[in-house]
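Read the structure below first, then the notes.
The values are calculated or read from the model by the stated rules, or taken from the named source; none is laboratory data. Bear in mind that the values here come from a model prediction, so they are computed numbers and not experimental data. Cβ: placed from backbone, ideal geometry, glycine included. Neighbour counts: every protein chain shown. With ligands, DNA and RNA removed, areas are computed over all heavy atoms of the protein, side chains included. Shrake-Rupley method; radii C 1.70, N 1.55, O 1.52, S 1.80 Å.
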Amino acid sequence: SLHISATLDVGTPEAVAHREYLGGSEGDFREELLETMLSDLGSAGSIIVYSPYEKTQLSKMALLFPLRERAIHAVIDRLVDLEPLIRANVHHPDFHGRTSLKVTLPVLVPSYVGRYKALSINDGAHAAAAFQRVRGSPELSDAERSELRSELLDYCRLDTLAMVELLQALQRLAEDPER
């Protein structure tokens with residue numbers, strides 16, 4: 001899931017476009033995922049992340065697909081990790097000295113607590129397990145598989161939208177540091 005904005009002014013919903021991809025239940029989807037992602041990301045602009053996870057996964061993809069290594073490294077060069085920025089510049093007693101997304105997001109974007117709880121898949125561990133079920137559980141009916149895929153996409157959409165809303169919260173803090 002990606003949320004894409006042509007500008008850093010992400011304050012209005014129409015300023016942000018959503019793209020999503022979820023591999024099918026059969027076969028190796030990694031190359032299709034890579035091509036879809038590269039197309040959706042384009043060749044310019046910052047890519048907001050929160051942790052080195054995306055960089056690690058992209059580096060693994062570069063090893064798997066050497067013909068796309070240059071394009072993948074161009075994406076890696078555009079990654080902007082918000083966690084070190086928050087660690088160095090944003091302090092809040094409810095962080096309890098930590099800066100993981102699970103700690104900072106509820107403090108900086110309080111509305112997210114309820115939004116995740118409202119989902120049937122509401123954290124990364126459950127999402128990974130659900131994805132494995134979609135991919136490898138022959139006992140799932142087509143309707144169950146479709147429903148599980150929909151739930152996964154809902155979780156992924158909310159997860160990437162969190163980066164947009166976190167960026168908005170940081171922009172508000174930058175404009176008014178007394179908040």
- request: Could you pull out every whole DSSP H run in the chain that spans at least 30 Å of Cα extent along its own axis and averages -1.0 or higher on the Kyte-Doolittle scale?
  value: 142-175
- prompt: Counting only protein heavy atoms and using a 1.4 Å probe, what share of the accessible area of the chain belongs to carbon plus sulfur, as a whole percent?
  reply: 54 percent
task: For the stretch 40-112, state the average projected area of the convex hull of the C-alpha atoms over all orientations, rounded to one decimal in nm².
output: 6.0 nm²
field: If the convex hull is drawn through the Cα atoms of the stretch 119-179, its volume per residue in Å³
entry: 76 Å³
Rounded to whole Hz, the Karplus (6.51, -1.76, 1.60) HN-Hα couplings of the stretch 42-47, x for glycine and proline: x, 10, 9, x, 6, 10
message: Once each part is reduced to its C-alpha centroid, what is the distance from the stretch 133-151 to the stretch 29-99 in angstrom?
response: 28 Å
- prompt: How many nm is it between the label spots at Glu83 and Arg68, if each spot is 7 Å from the Cα in line with the beta carbon?
  reply: 2.4 nm
query: Around Val80, which amide H atoms from residues at least 5 apart in sequence, or from another chain, sit under 5 Å from its own amide H, with H modelled in the peptide plane?
result: Ile47, Ile48, Val49
field: the chain, accessible area per residue, ligands and nucleic acids excluded (1.4 Å, Å²)
entry: 61 Å²
- line: Scattering profile of the chain from the Debye formula, Cα beads only, expressed as log10 I(q)/I(0) at q = 0.08, 0.16, 0.19 Å⁻¹, is -0.29, -1.12, -1.44
